[in-house]
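Step one of this worksheet: look at the structure below.
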Amino acid sequence: MTSAISIEDLTKDFPLGFGHLKLRAVEDLSLEIADNQVFGLLGPNGSGKSTTIKVILGLLAPTRGTCGIFGTPSAEVSSRRDVGFLPEAPYFYRYLTGFELVRFFGRICQVEKSKLNDRVHEVIEWVGLKEAAHRRVGTYSKGMLQRIGLAQALVHDPRLVILDEPTAGVDPVGSAEISSLILKLKEQGKTIILCSHLLGQVEDICDRIAILNRGKLILEGELRDLVSKKDLRSVVVQDYREEYNDELAGWLQARESRLVSVEQPQYSLDRVFLEHVGRSELAREKLSERAEVAKQQDTASGKDNEEKKKSS
Amino acid sequence: MSKVVFSPARINIIAKNTFLEAVRQKFFGFLVIIALGIILSSQVFRDFNFGAPELKFIADFGFGAIVLFGSVLAIVATAQLFFSEIENKTAITILAKPIFRSEFIFGKFLGVSLLLLVFTGMMTVILSVLLFWRETAIMEGVDPEAFEAGRMVAYGDIFLYGIVQWLKFSILCGITMVVASFSNTNLYSVILSFVILLICHLQYLARDAWAQMEFLPVQLAVFMLSAVFPNFQLFNIGDQIALGESIPFELGARIIGYALIYIIVFNLLAVFSFRKREI
């Protein structure tokens, strides 16, 4: 099966304008991103994430190496037929309404004329901007801009969606809504590449991640493999009493296991915030979806803290 | 994956959007008001000697306003509309779609050219109305005998003048597009384009010099200079019209053909330069 994105030995240099001096933004990057997954492209500022995305989109030509989308070289316009892109801090034509803007991009992507209006309504409703669809983009808040940006990226129903900092400057509720939309995109069979500094969000929704630093790939793999502590397990118990500790430790010791810690699970601040401020049905949906996952993660993090305390 | 082919429909979409963006800019409205003010104020300075000098004065004044403000609009609007796409990063969103860079450039050019057509059309109509009104007043009140042979102003030629100027502005738009396609700032594009405008107006001097030169390398250099930059003096048919001379059809057709060649060449150069630009 063809990979959604295939990058081989990609190097990108930018001339600095002083003789032959060059800035190497990306160095010998090789990546295979399989179809139908959420892939997190992470790294500090200036690590080469945006340059990599621009090379994927054909906006920059690689100095060396190759890059292809679904088997088509990025340099070809055809490679972008099945790609939706939400740029970082998107700025759109302020004088157009949300509907007109998405329609404009739909026409650029040559969505069939007979289906265009229905499709535009569909994606606008899907990103939760139905009420604001006929307002000028210039009046939109940051979160609304991100959502209309997502709508324009999806209007032609692409197989690959590239999101560069989709939650930058967005409040936790908006951020949760965008996470929920990304997961729905995955359910629809799409491949999503997510660049984000919100590692909590990446952890929640990504299947695989790659970490870049100073233009080089320093880590890549399944998120679960990278973050889970393989030799530890957490068990969440209802109505547990502290006096069980010794008995439980003995029981485990008899089975060559060791009780590391017993802690009360905690809700994350993110979750508490969403629960109290949650403005939309979407956020509430997201909360219930994440409740079980959050409990597990909180228990694990509690144990982690205990371990640190012990080691210190 | 099916191939994406060059699409005039996408050019049309970009052009319409560029035009919409342009007419919403305060700069366009400002120039229209100033140009209208200057054309309309021409009658403040009118001369009553047999009517003819007054009409010539109004025509000269109007033509001057069209040329001056049209040139400013062609350069500034092109550079601004191009760089607003780059600086606001809307170009990234558009070019990340299945669209050829040539379609983007042609769309931008056509959008600005449409803006220039609207500007020139508006100015030409206002000038014609003003001339018609003054000519009628002079015919009726001042000296009816001077108009025995009919109206003095050739209104058809005034519209031909408008078309010729629009084509000149479109060449200027193409030149600015070439400059903007490789330059990094709006200001640099505007300044360089104004310098080229000046060269194009003085280009006839190089052409004359080339004819008189004997040293071959210098002759070739001057010839190149006169070939690369269009001769904007060719578009200066306002004097003939103001003097009441009609413009021969062949001359009009030759100017239009000349302009179209330069428009195509500059657009292709802009595409060639923008093709490799890193955004």
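Residue A:99 passes all but one of (1) within 22 Å of the chain's Cα centre (by Cα); (2) surrounded by fewer than 23 Cβ atoms within 10 Å (Cβ to Cβ); (3) more than 9 Å from chain B (Cβ to nearest Cβ); which number fails? Result: residue A:99 fails condition (1) only. Could you check the stretch A:103-115 and list, in sequence order, the residues that are assigned to a helix (DSSP H, G or I) and either within 12 Å of chain B (Cβ to nearest Cβ) or in contact with a Pro (Cβ under 7 Å, 6 or more places away or on another chain) (or both)? Within the stretch A:103-115, A:103, A:104, A:105, A:106, A:107, A:108, A:113 meet the criteria. Considered as a group, the residues in the stretch A:116-133 that are assigned to a loop (DSSP other than H, G, I, E, B) and over 20 Å from residue A:168 (Cα atoms) include one that is farthest from the other protein chains (Cβ to nearest Cβ), and that residue is A:131. Taken together, the criteria exclude residue B:75 from residues that are within 14 Å of chain A (Cβ to nearest Cβ), of a type in the set (A, V, I, L, M) and part of a helix (DSSP H, G or I). Is one or more of the residues making up the stretch B:163-173 exposed (fewer than 15 other Cβ atoms within 10 Å of the Cβ) and farther than 16 Å from residue B:109 by Cα? The answer is no; no qualifying residue exists. Residues of the stretch A:230-247 that are part of a loop (DSSP other than H, G, I, E, B) and among the acidic types (Asp, Glu): A:231, A:239, A:242, A:243. The single residue among A:88, A:165, A:177 that is acidic (Asp, Glu), in contact (Cβ under 8 Å) with a residue 40 or more places away in the chain and surrounded by 22 or more Cβ atoms within 10 Å (Cβ to Cβ) turns out to be A:177. Please determine, by comparing only the residues of the stretch A:207-229 that are assigned to a loop (DSSP other than H, G, I, E, B) and within 23 Å of residue A:34 (Cβ to Cβ), which one is modelled with the lowest pLDDT. Out of the qualifying residues, it is A:228.
Return a yes/no flag: does the stretch B:176-197 have any residue that is surrounded by fewer than 17 Cβ atoms within 10 Å (Cβ to Cβ), within 17 Å of the chain's Cα centre (by Cα), modelled with pLDDT of 90 or more and over 23 Å from residue B:108 (Cβ atoms). No, the conditions are met nowhere in the stretch B:176-197.
Of the candidates A:266, A:253, the single residue that is surrounded by 11 or more Cβ atoms within 10 Å (Cβ to Cβ), modelled with pLDDT of 90 or more and not assigned by TED's automatic domain parsing to the domain that holds residue A:126 is A:253. Which one of B:175, B:264 is more than 14 Å from chain A (Cβ to nearest Cβ) and in contact (Cβ under 8 Å) with a residue 40 or more places away in the chain? The match here is B:175. Restricting attention to the stretch A:1-13, and to residues there that are within 14 Å of chain B (Cβ to nearest Cβ) and out of contact with any Asp or Glu (no Cβ under 8 Å at 6 or more places or on another chain), which single residue is surrounded by the most Cβ atoms within 10 Å (Cβ to Cβ)? This residue is A:12.
The residue list A:40, A:19 contains one member that is surrounded by 16 or more Cβ atoms within 10 Å (Cβ to Cβ) and more than 23 Å from residue B:3 (Cα to Cα), which is A:40. Taking the stretch A:13-39 as the range and being free of Cβ contacts under 8 Å to residues at least 60 places away in the same chain and not in a loop (DSSP other than H, G, I, E, B) as the test, the residues that pass are A:13, A:14, A:15, A:22, A:23, A:32. Contact map, the stretch B:85-96: residues that are facing chain A (nearest Cβ under 7 Å) and closer than 11 Å to residue A:152 by Cβ paired with residues that are assigned to a loop (DSSP other than H, G, I, E, B) and among the aliphatic types (A, V, I, L, M), Cβ distance under 7 Å, separation 6+ or inter-chain. Pairs shown: B:96/A:57; B:96/A:59. Note on the stretch A:32-78: among residues that are away from chain B (no Cβ under 14 Å) and among the basic types (Lys, Arg), the one that is nearest to residue B:94 (Cα to Cα) is A:49. For the condition buried (at least 23 other Cβ atoms within 10 Å of the Cβ), at pLDDT 85 or above and either part of a helix (DSSP H, G or I) or touching a Leu at 6+ places or on another chain (Cβ under 9 Å) (or both), what is the one hit in B:11, B:105? Matching residue, one of B:11, B:105: B:105. If you go through the stretch A:185-208 and pick out every residue that is farther than 21 Å from residue A:69 by Cβ and free of Cβ contacts under 8 Å to residues at least 12 places away in the same chain, you end up with 1. Would you check which residues across the stretch B:97-109 are touching a residue at least 60 places away in the same chain (Cβ under 8 Å) and of a type in the set (D, E, K, R) and list them? Of everything in the stretch B:97-109, those that are touching a residue at least 60 places away in the same chain (Cβ under 8 Å) and of a type in the set (D, E, K, R) turn out to be B:101, B:103, B:108.
The rows are residues; the columns are (1) farther than 30 Å from residue A:15 by Cα; (2) part of a helix (DSSP H, G or I).
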residue	(1), (2)
B:169	yes, yes
B:177	no, yes
B:184	no, no
B:191	no, yes
B:272	no, yes
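Of the residues making up the stretch B:110-123, one or more are within 14 Å of chain A (Cβ to nearest Cβ), surrounded by 17 or more Cβ atoms within 10 Å (Cβ to Cβ) and either in contact (Cβ under 8 Å) with a residue 24 or more places away in the chain or hydroxyl-bearing (Ser, Thr, Tyr) (or both). Note on the stretch B:226-257: residues that are assigned to a helix (DSSP H, G or I) and surrounded by fewer than 18 Cβ atoms within 10 Å (Cβ to Cβ) total 14.
The values are calculated or read from the model by the stated rules, or taken from the named source; none is laboratory data. Remember, predicted model here, so these are calculated numbers, not experimental data. FYI the Cβ positions are ideal-geometry reconstructions off the backbone, even for glycines, and counts take in every protein chain you see.
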